[in-house]
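One structure is given below, encoded as C-alpha cells.
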Amino acid sequence: MAAMKSHRQELWFEVPQRRQLLDITPQVEAAVKDSGVLEGLCLVNAMHISASVFINDNEPGLHQDFEAWLEKLAPEKPHSQYRHNVGEDNADAHLKRTIMGREVVVAVTAGRLDFGPWERIFYGEFDGRRRKRVLVKIIGE
Amino acid sequence: MAAMKSHRQELWFEVPQRRQLLDITPQVEAAVKDSGVLEGLCLVNAMHISASVFINDNEPGLHQDFEAWLEKLAPEKPHSQYRHNVGEDNADAHLKRTIMGREVVVAVTAGRLDFGPWERIFYGEFDGRRRKRVLVKIIGE
Amino acid sequence: MAAMKSHRQELWFEVPQRRQLLDITPQVEAAVKDSGVLEGLCLVNAMHISASVFINDNEPGLHQDFEAWLEKLAPEKPHSQYRHNVGEDNADAHLKRTIMGREVVVAVTAGRLDFGPWERIFYGEFDGRRRKRVLVKIIGE
C-alpha cells in the first residue's frame, strides 16, 4: 500500500502520408519510467478521432494486411460515398479508427509495461500530413 | 501524492428508436466534477451488451455514415440469418456494439476530461425502446 | 479515501481447437476477491495478439453468430491471401482479435465486478492448440 501518483505526457507525430502505423512502444516505456509508477495502469489514447492507438505485432506483412483489410471494410474512395465528406474527405479515417480502437490500457508491473511476448503499441494514422497527438496517462503507486 | 478516491454513477437512457447515437459528454463531465478527482482515470461503459460507449466526432453526417456502415457490416435483417434470434431479434445489435466498443477510458487531468479538440463521448444504442444504463467509474486523487 | 493497492494474476488456457470462446468471469471474479480491492478498476487483457478478451452474452447461438461473422469479415482461408502468412497461417487471427478487442476494463464496486444484467467476460481464442495467457490487473483501495 502506498499513496497514489499520476503522470501525463503527450506524444506528437506528423506522418507524411495519409495512412501509416508507427511503433510507439519505446516512447510509452520512457513515459512509464519518467512517471516513477511501479504498480498501476497506463492509458494510451489517440487525441484525434481519425487516428488509433492499438496493440498488435510489429511485422511488416501484417501491417500490409491491415491496410488492405481496412480499405476493404471502410474504403477511402469514392469520397462521395460518405455524408461526412462535405468539405471533408476523411470519413473513412473515422471508420478505420473505430475498427482499430481509440486507446489501450496496459498494466504497469515492477515499473514496466506488463506485456506478453509480442505485444507492441502502435499509433495508427488514417488521416495524416499534419501534427497530431497521443496522450499517455499513468496512475498508480 | 495523495490518498485515492473513487466515484460511481449510473446514467439512464430510454431511446425511442431501435438505433441512435447520443452525446453524453456533459453528463460524464458532471460526474467527473462530482467525483472531486483531479488526476485519475474515468471509465465509461455500457452496462448492456447490445449498446456501446465510444468516442468520435459530433457531426450528423458522420453519424449517418456510422448507421449505413454498421448496417453493411452487421445487417439487422433478415432476422433469421442469426442463430441468436430464436425468441430474440437483436443479434445484429450485439455485433454492431462489438465494432463500436463497450467502453472508453478517459484521463482526468486538473479535474477535467483530458480530451483532444474533437473528442466527444457517445452512447450508441442498437436495441432501444427500453431503459438502459451506462456506468461511470472514476478513480484517482 | 485510503491507500492504493494493486493485484496481478495470470490466467492460462490451452484451447484444443483453432477458435473458441471461453467464459472466464468466475476466474476474474476470484482474482478481484483475492485482490482485496473494494473500489477500483480491473483490467483484463489477452497477452497474445491473436486472442481477445471481450464482454458479451453467454448464449451459444450468439457465439455461433460471432464465428460466422468473423469468418465473413476476416476469413481464415485461403491462407495465401495474407502477406503475414509467410511461415505463419494466423493473419486472420490478428484481424479477428482486432474486431473483438484486446482488453476490457471493468469497475470494481464494493469488492465485486460492477456488471449490468448480462455482462460476462470471454476469452476469445483465434489461434489455439497451445498455452496462452490472460493478464488480470486490479488497482484501487
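Can residue A:129 be described as touching a Pro at 6+ places or on another chain (Cβ under 7 Å) and more than 27 Å from residue B:71 (Cβ to Cβ)?
Yes; evaluated as a whole, the condition is true for this residue.
Please determine, by comparing only the residues of the range B:104-133 that are among the acidic types (Asp, Glu) and at the interface with chain A (Cβ under 8 Å from one of its Cβ atoms), which one is surrounded by the most Cβ atoms within 10 Å (Cβ to Cβ).
Only one residue fits best here, namely B:119.
Are any residues in the range C:23-58 crowded, with 16+ Cβ neighbours inside 10 Å, assigned to a strand (DSSP E or B) and either among the aromatic types (Phe, Trp, Tyr) or within 10 Å of the chain's Cα centre (by Cα) (or both), and if so, which ones?
Correct list: C:44, C:45, C:46, C:51, C:52, C:53, C:54, C:55.
Filter the range A:44-103 down to residues that are at pLDDT below 95 and within 8 Å of chain B (Cβ to nearest Cβ) and give me whichever is farthest from residue B:42 (Cα to Cα).
A:86
For the range A:5-18, which positions are part of a loop (DSSP other than H, G, I, E, B) and crowded, with 19+ Cβ neighbours inside 10 Å?
A:15, the sole residue that qualifies.
Are any residues in the range A:71-85 part of a helix (DSSP H, G or I) and out of contact with any helix residue (DSSP H, G or I) (no Cβ under 7 Å at 6 or more places or on another chain), and if so, which ones?
Of everything in the range A:71-85, those that are part of a helix (DSSP H, G or I) and out of contact with any helix residue (DSSP H, G or I) (no Cβ under 7 Å at 6 or more places or on another chain) turn out to be A:71, A:72, A:79, A:80, A:81.
Answer with yes or no whether residue A:62 is free of Cβ contacts under 8 Å to residues at least 12 places away in the same chain, surrounded by 16 or more Cβ atoms within 10 Å (Cβ to Cβ) and outside any loop (DSSP other than H, G, I, E, B).
It is true that residue A:62 is free of Cβ contacts under 8 Å to residues at least 12 places away in the same chain, surrounded by 16 or more Cβ atoms within 10 Å (Cβ to Cβ) and outside any loop (DSSP other than H, G, I, E, B).
In the range C:13-59, which residues are free of Cβ contacts under 8 Å to residues at least 60 places away in the same chain and touching an Asp or Glu at 6+ places or on another chain (Cβ under 7 Å)?
Residue satisfying the conditions is C:49 alone.
The values are calculated or read from the model by the stated rules, or taken from the named source; none is laboratory data. Computed from a prediction, not measured in an experiment: that's the story for all the values here. Here the Cβ is made from the backbone with ideal geometry for all residues, glycine too, and neighbour counts use every protein chain on show.
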